[in-house]
1. Nearest 5 percent is fine: what portion of the DSSP beta bridges confined to the stretch 2-160 is antiparallel?
2. Regarding the stretch 80-145, what is the average projected area of its C-alpha convex hull, in nm²?
3. Take every DSSP beta bridge whose two residues both sit in the stretch 90-247, then give the antiparallel share in percent to the nearest 5.
4. So how long is each side of the stretch 300-342 along the principal axes, counting just the alpha-carbon atoms, biggest first, in Å?
5. Show me, for the stretch 100-110, the HN-Hα J-couplings you get by feeding each phi into the Karplus relation (A = 6.51, B = -1.76, C = 1.60, θ = phi - 60°), rounded to Hz, glycine and proline as x.
6. Compute, for the stretch 194-269, the length of the dipole vector about the Cα centre, with Cβ point charges of +1 (Lys, Arg) and -1 (Asp, Glu) only. Units Debye, rounded to 20.
7. What is the Å³ per residue value for the convex hull set by the Cα atoms of the stretch 399-467?
8. Points 7 angstrom from Cα along the Cβ direction at Ala397 and Ser286: gap in nanometres?
Amino acid sequence: MSAAEARPVQSEAERRMAQVLEAQRKAHIKDGPPSAEKRIEWLDRAIGLVVGHKDAIADALREDFGHRSVHATLLTDVSGAIGPLKHAKAHLKTWMKREKRKVEPALLGLFGARAYVEYQPKGVVGVISPWNFPVNLTFTPLAGIFAAGNRVMIKPSEFTPRTSELMERMFKSAYDETEVAIFTGGPEVGGAFARLAFDHLLFTGATSIAYHVMRAAAENLVPTTLELGGKSPVIIGNSADMKLTANRVMMGKTLNAGQICLAPDYVLVPKDKAKDFVAAATGAISTMFPTLKDNPDYTSVINQRHYDRLTGYIDDARAKGAEIVELNPAKEDFRQQPFHKIPPTIVLNPTDDMKIMKDEIFGPLLPVKTYETVDEAIGYVNAHDRPLGLYYFGADAAEQDRVLTRTTSGGVSVNDVVMHVSMEDLPFGGVGPSGMGAYHGVDGFKTFSHAKAVFKQARMDVTAMMRPPYGEKIQKMVDGQIKR
């Protein structure tokens, strides 16, 4: 008896989810693998939902965050979700084709044997999506899930309740429950969801929660893709254009108030260029945000708990000797505000005993460390957990190659931050503590497909010599193969 069979159903939510999973699986088996046209129809419905609800999405996220930039929402959660869906729609017929493979030994091929990979829908995929980009990170996975011909069950974050409730209404208006089902609720619902016997489970969120999700999925041996985070470093080379570098780094650090799994977490800069970077970063913030407190373009931290966590990092770093540089162009007082906004803040010369250097920051704070040689910077990165992203700035091709080949990260952007995630034809995923597996584009199609190996034997009975009774012919064959 499996662990899942031994476990008594604990709640109405768990019973309901189990029923929907069973209904989706039965529908998948009854209908068989959906045609390309059906998959495109599913994708079109998803695109229509996002386009048709763009204003409602922006309103819900603004309310959930206290304040969130409407234009940032349209850029990331709306447009950023539509792009992957359209990409899948344009390419899925090619992705679905059988993939021919080489027949060995070649003689079998000459007699008509064939080998190929058939990409088959896995069945029912579970998606646990986070609060920082709740629409994007719910709809973007649907590109690969639908392209691969699967049905899906979704558990959105309880930290963005208005957006989760909106998505629930959206999906119910466009899909039958045997195609797409969504379940809202807190940790109890999330835990029950992770224990379901999906054919694949995608979790996007914190590494600390991923341990629990993977442990729950293991009860049913559910294959799992984990999209996590970590401390993504920026390495600034001596040849970098400092103004351009600061503009791009600070854009990545202030988009969504730094609440991005790929946000630049800390900067490594040549010792003699640290002041230049701080000056350029100060200029970048002044240009983007002349004011912050009531600026509609500047997003709030999601809630009081995360606000307290981030301000605690600043207090801890200051107490342990770091220099704190608040980038607050209008010198506004943030002690009284209706939101949880925190000014972009640079933490100079942090040490590893500071909390800000131990945890993923997930906010608008940026530690800046100095180095003497690029090998010192590489060594620092390699002495810590492998990050989701790494960013190199510079025009030195040899140095760039050294940084990229001597470090391991989920992905890399050169002379920018975060942007590799927007390349639809690149896989997106982490490595080690920053994630497991990848999706996006054709890699997402393959993640959510079963690559079934198929071998079709030749009509001629070419394997007759392999059947007993054995004799001289089989001996010659194996002698020919057993050699260096």
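Bear in mind these aren't lab numbers, they're just calculated from the coordinates by the rules spelled out. Because the structure is a prediction, the values reported are computed rather than measured. Here the Cβ positions follow ideal geometry from the backbone for every residue, glycine too, while neighbour counts run over all protein chains shown.
1. Counting only bridges with both partners in the stretch 2-160, antiparallel ones make up about 40 percent.
2. 6.3
3. Antiparallel bridges make up about 15 percent of those DSSP assigns within the stretch 90-247.
4. The Cα atoms of the stretch 300-342 stretch 31, 26, 13 Å along the principal axes, largest first.
5. Ordered by residue, 3J(HN,Hα) equals 5, 10, 6, 8, 10, x, 4, 4, 4, x, 5 Hz.
6. 220
7. Dividing the Cα hull volume of the stretch 399-467 by its residue count gives 202 Å³.
8. Taking the simple label geometry, Ala397 and Ser286 are separated by 3.7 nm.
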